[in-house]
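For reference, the structure is listed below as structure tokens.
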Amino acid sequence: MAGGMPRGCESCLRGAKLVLFVTGECESACYYCPLSERRKGLNVVYANEVPVETDLDIILEGRAIDAEGTGITGGDPLIRLPRTLKFIKLLKGFFGPDHHIHLYTNGRRASRQALSKLKAAGLDEIRFHPARRDWGRLAEAKALGMYAGAEVPAIPGGAVEVEGFIRYLASVKADFININQLEFCPQNAFQLRQRGFRVMGGSMAAAEGSEEAAMEVVRWAEAEGIGFPVHYCPSSVKDAVQTRGRLARRAANAARPWEERLEDGTVGKFVVGLPGATGRPAKCILAKAVGADASQVGVADDGRGVEVPRRLVDAVRIAFPDATVSYVQAYPTAARDKFAEFPC
């Protein structure tokens, strides 16, 4: 890193920022785009992993992780500018003026009028990932007094292009640039392989040569005396620090009575399959047999098994010797997406 860290990154690294995805629509066609088929090109809204149908969904998810701020992303949020402005005002109104909000855009629709509206709504920080023809949009944001910078991927072999962009950023007094490690995912893997990129040895997703390209830029910026933060963010930080921290914060608020919080941010619980009974009837039968309050056990997400805490497992085995018992790790999201399952 050359210089300090952008303001919007500080709470992000603690997992304390709500990720508000306001639309999958975008006028760029980046070959490394990681958006899934459920989001890419679609007019959909998500708060973290939760599909948003009402404003309350956003507030509840923010409360679930004790959000200190929000990152507004897409697609390009400016394609749905009225919606984006409404959400900024909603978040500031509910969580207060200190709730830090940053926004990502390719800049294509960042007109002076749009930028002025974003500033007036309370946006704290704007991050551009522009094509060369849209570099001037960032200068416009700075002219309006906005805290503005850039965020770009570290393309192997692309250090010189980023250095040219940084020279421009310095000329318009930008506040920062974030350089992200390029990652493989199911949505972009074919495009990356077609261009000759490979997964770095020892990594699940990081592209080989991406970190070297980023560090080349950081060293160049230090040598050139670039006067604003040039920050490199490796993929491991997002996975092992940011996402894990957010999940842990959610688990602290949203873990069910029969779930135990685990160090990796997931929750664990035992799932019991009773012969001849499923769902709510199975829950009632099990609770009565082991002398547990019905609120301390739950129906499994598939609607069949019964979820129980660790302290009841031995009693369940005694009461139901033919029952199946599995230990399940799940993400503490609203849908409880399964992480792993182990037969007991």
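Laid out as a table, the results:
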item: The stretch 91-196, Cα convex hull volume normalised per residue, Å³; result: 126
item: Scattering profile of the chain at q = 0.10, 0.15 Å⁻¹ [log10 I(q)/I(0), Debye over alpha-carbon scatterers]; result: -0.68, -1.24
item: Whole-number D in µm²/s for the stretch 179-254 (Stokes-Einstein; Kirkwood sum over Cα pairs; 37 °C, 0.692 mPa s); result: 229
item: Nearest-0.05 FRET efficiency for Arg38 and Arg112, computed from C-beta distance (R0 22 Å); result: 0.05
item: Ranking of Arg38, Arg280 by count of other Cβ atoms within 10 Å, fewest first; result: Arg38, Arg280
item: Helix-only CD estimate at 222 nm, as mean residue ellipticity for the chain, using -39500 (n - 2.57) per DSSP H run (n ≥ 4); result: -10000 deg cm²/dmol
item: Most mobile listed residue (Ala282, Ala294, Ala251) in the chain, GNM with C-alpha springs under 10 Å; result: Ala294
item: Residue (of Ser326, Ala340, Val316) at the positive-pole extreme of the stretch 257-343, dipole from beta-carbon charges; result: Val316
item: Percent of C-alpha pairs per 10 Å bin, the stretch 24-153, short to long; result: 12, 45, 35, 8, 0
item: For the stretch 281-334 and the stretch 139-185, distance of Cα centres in Å; result: 52
item: Distance histogram in 10 Å bins (all Cα pairs of the stretch 257-343, percent per bin); result: 19, 56, 24, 2
item: Pairs of lysines in the stretch 7-250 (C-alpha under 25 Å apart; 8 or more residues apart or interchain); result: 24
item: From phi via Karplus (6.51, -1.76, 1.60), per-residue ³J(HN,Hα) for the stretch 113-124 in Hz, x at Gly/Pro; result: 5, 5, 5, 4, 5, 4, 4, 5, 6, x, 4, 8
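Readers should treat all values here as calculations from the given coordinates under stated rules, not as data from a laboratory. Bear in mind that the values here come from a model prediction, so they are computed numbers and not experimental data. Heads up, the Cβs are rebuilt from the backbone with ideal geometry, glycines too, and the neighbour counts pull from every protein chain shown.
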